[in-house]
Amino acid sequence: MAAAFRLDDRPALLGGAPVRRDPFPSWPVFGEPEEQALVGTLRSGRWYRGNGENVRRFEEAYARATGARRCLATCNGTSALFVCLNALDVQPGDEVIIPPYTFIATVNVVLRQFALPVFVDTDPETFQMDASKLEAAITERTRAIMPVHLGGNVCDMDRILAIARARNIPVIEDACQAHMAEWKNRKVGTLGAAGCFSFQASKNLNSGEGGAVLTDDDSLYERAYAFHNNGSGLKAIGTNFVYASTGHNLRLTEFQAALLLQQMSRLDAQVRTRAANGAYLTSLLGQIPGIRPARQYAGCTLNAYHLYMFRYDPAEFSGLSRELFLKALRAEGIPAAGGYSPLNTQPFLKNTLGSRGYRRIFPEKILKEWPERTACPANDRLCTEAVWLTQNMLLGPRSDMDSIAVAIERIRRHAADLARQASA
Ligand SMILES: *Cc1c(COP(=O)(O)O)cnc(C)c1O
């Protein structure tokens, strides 16, 4: 640990000098190449995929980078998931299995189909779907399994795929937080029937908004293409407004693709920096009592670290609450957050499942049994213990990681004082 940091100094929240005054690296990272690409697209006057080249070029580049046969760009990650559920014909009355520890879009797209979201509890060690509880959640109505590679860490894909294959249920990987992450040296998003990505501003590959679907299945790709293009498929282009299927306009613009092509040239170096800093930070934080960094399954050969996640145990910090721990950490110049609230018990879900449409579609018994069936006690607990650092914090020098570890250890040494101060 860098000698410049003094662990016994008073915490910033109690009037001491903060461990850090400098901000962490800002996000997004861009420069001249992005500017030229955007201006070039502007001046070309070709702003949509129908008359430009950028979207197609990006799709080819992203497919090549991930090892997928096919890539379809979409207007955001939510629409990538939406496209896949439709390409796989998920309909009202079906069930879709998802984790409760995820961004709300994962469940919203299931509700948009008037399907039933079935939650599988979280493995608190990894923050991922607990694959040992997957089998029990499957019924004859299960139409898709949608694991999420949360925070850029990777789900136990061997177990999930084995269970899905045995039942012939397609797996849609929500890889919206896991660009370039790997399972046994294969990129996530290429392991299931389809994989979905987001290029929203906070994500590790960013064009403000944007998304993509990866698949090796040509027929799924063609259905996905048609759905994202108002139902008009590749072969239908140029025909007289006659459509064989329904769809939406979920296309990416040429501006976003121009930006993504440039951002992709920065991606590999950023991935390597996050992975090295993430592993180093784990080696430091793993030594601090009461801090348990998210573990990786043995098959995870590359963590994309969209988030750096750990569990906080107040018992090792003189009972200091997580909220005060976060406040003390922020005072030291380390922005940290508490992460998700449990998704499966939120009011919007209860209201949606109680709506006229759902009551018409689903037998009363299924809706009545749903809350108990999708209870996730391990996840409820994880949501009270989690601490997140964002991906940009891993983009700087190794000494940034030292500063995080020092701030946490300083808070631990003064935790009793901090707790006392708060109650005074
Ligand atoms: C960001 C995100 C999405 C949605 O992506 P958008 O581009 O914001 O629509 C879906 N799932 C997960 C896990 C995400 O993090």
Filtering region 146-161 down to residues that are hydrophobic (A, V, I, L, M, F, W, C) and within 15 Å of the ligand (Cβ to nearest atom), which residue is nearest to D94 (Cα to Cα)?
-> M146
Sort through A131, A137 and tell me the only one that's more than 16 Å from the ligand (Cβ to nearest atom) and within 27 Å of Y308 (Cα to Cα).
-> A131
Kindly indicate whether G354 is within 27 Å of I138 (Cβ to Cβ), in contact (Cβ under 8 Å) with a residue 24 or more places away in the chain and among the small types (G, A, S).
-> no
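Looking only at region 197-223, how many residues end up being within 16 Å of the ligand (Cβ to nearest atom) and either touching a residue at least 60 places away in the same chain (Cβ under 8 Å) or not assigned by TED's automatic domain parsing to the domain that holds C176 (or both)? Outline the logic, then answer.
Initial filter on region 197-223 (within 16 Å of the ligand (Cβ to nearest atom)): 197-214.
Subsequent filtering for residues that are either touching a residue at least 60 places away in the same chain (Cβ under 8 Å) or not assigned by TED's automatic domain parsing to the domain that holds C176 (or both) retains 197-206, 209-214.
The number of residues fulfilling the criteria is 16.
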Cross-chain or 6+ apart pairs with Cβ under 6 Å, region 308-324 first and part of a helix (DSSP H, G or I), then loosely packed, with under 15 Cβ neighbours inside 10 Å = E316/P289; L324/A422
Please go through region 162-177 and pick out each residue that is in contact with a strand residue (DSSP E or B) (Cβ under 6 Å, 6 or more places away or on another chain), away from the ligand (no atom under 16 Å from the Cβ) and either aliphatic (A, V, I, L, M) or over 13 Å from R143 (Cα atoms) (or both).
-> A164, I169
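Where in region 11-112 are there helices (runs of 4 or more DSSP H), lying fully within it, with 3 or more residues that are under 21 Å from the mean Cα position of the chain (by Cα)? First the steps, then the outcome.
Numbers: elements: 32-44, 54-66, 77-87, 105-112.
Helices (runs of 4 or more DSSP H) meeting the threshold: 54-66, 77-87, 105-112.
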Take Y280 and decide whether it is in the same structural domain as I145 (by TED's automatic domain parsing) and among the aromatic types (F, W, Y).
-> no
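Can you find a residue that is of a type in the set (A, V, I, L, M, F, W, C) and within 30 Å of S423 (Cβ to Cβ) anywhere in region 263-270?
Applying the first criterion (of a type in the set (A, V, I, L, M, F, W, C)) to region 263-270 yields 264, 267, 269.
So of that shortlist, the ones also within 30 Å of S423 (Cβ to Cβ) come out as none.
Checked region 263-270: no residue is of a type in the set (A, V, I, L, M, F, W, C) and within 30 Å of S423 (Cβ to Cβ).
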Taking helices (runs of 4 or more DSSP H) that fall entirely within region 377-424, which contain at least 1 residues that are free of Cβ contacts under 8 Å to residues at least 24 places away in the same chain and of a type outside the set (D, E)?
-> 415-423
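Taking the conditions exactly as written (in contact with a Leu (Cβ under 7 Å, 6 or more places away or on another chain), over 19 Å from H306 (Cβ atoms) and within 16 Å of the ligand (Cβ to nearest atom)), does A194 satisfy them or not?
On the way: in contact with a Leu (Cβ under 7 Å, 6 or more places away or on another chain): yes; over 19 Å from H306 (Cβ atoms): yes; within 16 Å of the ligand (Cβ to nearest atom): yes.
Criteria met by A194.
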Determine whether F119 is within 16 Å of the ligand (Cβ to nearest atom) and either over 23 Å from E60 (Cβ atoms) or surrounded by fewer than 24 Cβ atoms within 10 Å (Cβ to Cβ) (or both).
-> yes
Just checking, which of G40, G50, G77, G67 is surrounded by fewer than 15 Cβ atoms within 10 Å (Cβ to Cβ), in the same structural domain as A181 (by TED's automatic domain parsing) and touching a Ser or Thr at 6+ places or on another chain (Cβ under 7 Å)?
-> G67
Filter region 297-319 for residues that are at positive phi and within 16 Å of the ligand (Cβ to nearest atom) and give the result.
-> Y305
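The values are calculated or read from the model by the stated rules, or taken from the named source; none is laboratory data. Worth saying up front: this structure is predicted, and the values here are computed from it rather than measured. Every residue, glycine among them, receives a Cβ derived from its backbone with ideal geometry; neighbour counts consider all protein chains shown.
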